[in-house]
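> Below is a structure I'd like to ask you about.
Just so you know, all these numbers are worked out from the coordinates, no wet-lab data involved. Keep in mind it's a predicted model, so treat the numbers as computed, not measured. Cβ atoms come from the backbone with ideal geometry, glycine included; neighbour counts cover every protein chain shown.
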Amino acid sequence: MVVLINSSNQVAINGEYTEIRQIKDKVKEFIENPYNDEHKPEKVPVDVPFFGEMMVSKNHVISLQNDRGTEYQAYINVQNELAAAYNELRDDVSRKKFGKAFADLDEDRQRAVQDIYPQKISEAEPKNYGGNK
Amino acid sequence: MGKFNKAGGREMPELNTSSLPDLVFAFLFFIMMVTSMREVTLKVVFRSPQATELQKLEKKSLVTFIYIGEPTQEFKAKMGTETRLQLNDQFAEPGEIQDYIAQEKSSMKEEDQPFMTVSIKADKETKMGTITDVKQALREAYALKISYSAAPRVN
């Protein structure tokens, strides 16, 4: 999934203009891939402690690209929504399995939930379309 | 009636000041508890960005801070209005980050060194070009644990 932020602080996901509040749901759908859509990353079976064998989207990548003129707050907003997406997915699993929020789990259980939803965010070198440094 | 003499005019008895040192120390301890030491005077304008997915920064002793913003009023004349970096108390260029990190690392215990975190406190209107230069310099200095400082925002 390619997330672009331009120098006017606008966000595009896979070429489609997206509002800040829409980002989280798009990202969750991408990672979760509930209907095993062919166009979304494939899930592979992974043996996870406490859970046994789970289908994990291990090979998904979210690529984040800014412009040199993008405002820091816009970047933080996008990072915030990405973090929120992972946090919500992890919280969901954590409550269903352990009855507690992800943040309230002990280290081993947290690591297990992290294995189910690993964070795969890659940041690219910013472009300089504006022409000025 | 008994013998009740009105023996002269009584003065006010002297105040018992034997507990005064206790009071002074108690007050001193109170002040020590409520004040926090700020080691660095901000020379750049730093308005924190806001976010909701926040985690408390742990082990503050292993954290190195980098401030990024426009110089404050008193430094505008000397340093201009362009965004600048502040490392500890000094203005600096991205090129100086590597030395700064090496310095901070060497002042830590050896077993703590890989756990050093760099907290980027950049003004919310900073351009990503500057942030990226800083992150690149940190990468070259092997300071790989990076934290973006933000203030809570109610959605």
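> Among the residues of the range A:103-133 satisfying the criterion of being among the acidic types (Asp, Glu) and over 13 Å from the mean Cα position of the chain (by Cα), which is nearest to the other protein chains (Cβ to nearest Cβ)?
Ranking the candidates gives A:Glu125 first.
> Quick check on B:Ile146: is it free of Cβ contacts under 8 Å to residues at least 60 places away in the same chain, exposed (fewer than 15 other Cβ atoms within 10 Å of the Cβ) and of a type in the set (A, V, I, L, M)?
yes
> Quick check on my filter: what residues within the range A:51-102 are basic (Lys, Arg), within 12 Å of another protein chain (Cβ to nearest Cβ) and farther than 19 Å from A:Ile121 by Cβ?
A:Arg68
> While we're here: Can you give me the number of residues within the range B:78-122 that are within 14 Å of chain A (Cβ to nearest Cβ) and loosely packed, with under 15 Cβ neighbours inside 10 Å?
2
> So, one more: Test B:Glu125 against the stated conditions and say whether it is in contact (Cβ under 8 Å) with a residue 40 or more places away in the chain and either under 26 Å from A:Gln22 (Cβ atoms) or surrounded by fewer than 14 Cβ atoms within 10 Å (Cβ to Cβ) (or both).
Judged against the criteria, B:Glu125 is a match.
> Tell me which residues, restricted to the range B:103-155, are of a type in the set (Lys, Arg) and in contact with a Pro (Cβ under 6 Å, 6 or more places away or on another chain).
Within the range B:103-155, B:Lys124 is the sole residue that qualifies.
> Limited to the range B:30-76, what total is found for residues that are more than 13 Å from chain A (Cβ to nearest Cβ), loosely packed, with under 10 Cβ neighbours inside 10 Å and over 16 Å from the mean Cα position of the chain (by Cα)?
Matching residues across the range B:30-76 total 3.
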